[in-house]
1. Can you spot a residue in segment 108-117 that is closer than 17 Å to residue 75 by Cβ and in contact with an Asp or Glu (Cβ under 6 Å, 6 or more places away or on another chain)?
2. Just for segment 14-71: of the residues that are within 24 Å of residue 156 (Cβ to Cβ) and assigned to a helix (DSSP H, G or I), which one is farthest from the chain's Cα centre (by Cα)?
3. Residue 45 is checked against (1) farther than 30 Å from residue 160 by Cα; (2) open to solvent by 40 Å² or more (accessible area, probe 1.4 Å); (3) β-branched (Val, Ile, Thr) and fails just one. What number does that condition carry?
4. Among the residues of segment 88-108, which ones are hydrophobic (A, V, I, L, M, F, W, C) and under 16 Å from the mean Cα position of the chain (by Cα)?
Amino acid sequence: MALLDILIFPDARLRRVAEPVKQVDDSTRQLIDDMLETMYAAPGIGLAAIQVNVPKRVIVIDVSEDRSNPLCLINPEILAREGEEEMEEGCLSVPGFAETVKRAERVRVQALNPDGERIELETDGLLAVCIQHEIDHLDGRLFVDHISSLKRQRIRKRLEKEQRAPQPATSAAQRKAI
């Protein structure tokens, strides 16, 4: 397994629309393993392949407290949405920021699992929000697209400034620990 670099907003590559996975194979499963390792190390509860510069429709999620319940969805599609709720969201590609976002309260999703089998899942709460957030990434959208343009511009300017600042040199071992 390997830690992957996470793209940071406003990187234009985050705006690409991910391509469907044509065949679930060992390379897809390796990507999933690497994404899970990267997500846990970040630390986060969800990650889309596009965030690690892989334009494929793959997401990983684990909303469990003890990181014991990873979920992988390949070519996910939301079949139904119900209700509405607001929840504070953050994003590994928008580090240091969280904003309240309005999303469906409950979703029904169809996808492939890592074995290439079609699955269907109906969920609500944090998992439903996380699924919607990660599918947005696959479609070239970020949670900042759900907030006011003024807030989005402030976030963009601050992250651009941070990215221009010189970064201290780190060894591979230090990066792995981060």
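The values are calculated or read from the model by the stated rules, or taken from the named source; none is laboratory data. Just so you know, these numbers come straight off a predicted model, no measurement behind them. Counting neighbours? That spans all protein chains shown, and the Cβs are built from the backbone with ideal geometry, glycine included. Ligands, DNA and RNA are stripped out before the accessible areas are found, and what is left, the full protein with its side chains, is counted by its heavy atoms. Shrake-Rupley method; radii C 1.70, N 1.55, O 1.52, S 1.80 Å.
1. There is at least one residue in segment 108-117 that is closer than 17 Å to residue 75 by Cβ and in contact with an Asp or Glu (Cβ under 6 Å, 6 or more places away or on another chain).
2. Among those that are within 24 Å of residue 156 (Cβ to Cβ) and assigned to a helix (DSSP H, G or I), it is 15.
3. (1)
4. Of everything in segment 88-108, those that are hydrophobic (A, V, I, L, M, F, W, C) and under 16 Å from the mean Cα position of the chain (by Cα) turn out to be 91, 92, 94, 97, 98, 101.
Yes/no matrix, rows are residues, columns are (1) in contact (Cβ under 8 Å) with a residue 12 or more places away in the chain; (2) closer than 26 Å to residue 120 by Cβ; (3) charged (D, E, K, R):
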residue: 22; (1), (2), (3): no, yes, yes
residue: 27; (1), (2), (3): no, yes, no
residue: 31; (1), (2), (3): yes, yes, no
residue: 36; (1), (2), (3): yes, yes, no
residue: 47; (1), (2), (3): yes, yes, no
residue: 50; (1), (2), (3): yes, yes, no
residue: 63; (1), (2), (3): yes, yes, no
residue: 70; (1), (2), (3): yes, yes, no
residue: 73; (1), (2), (3): yes, yes, no
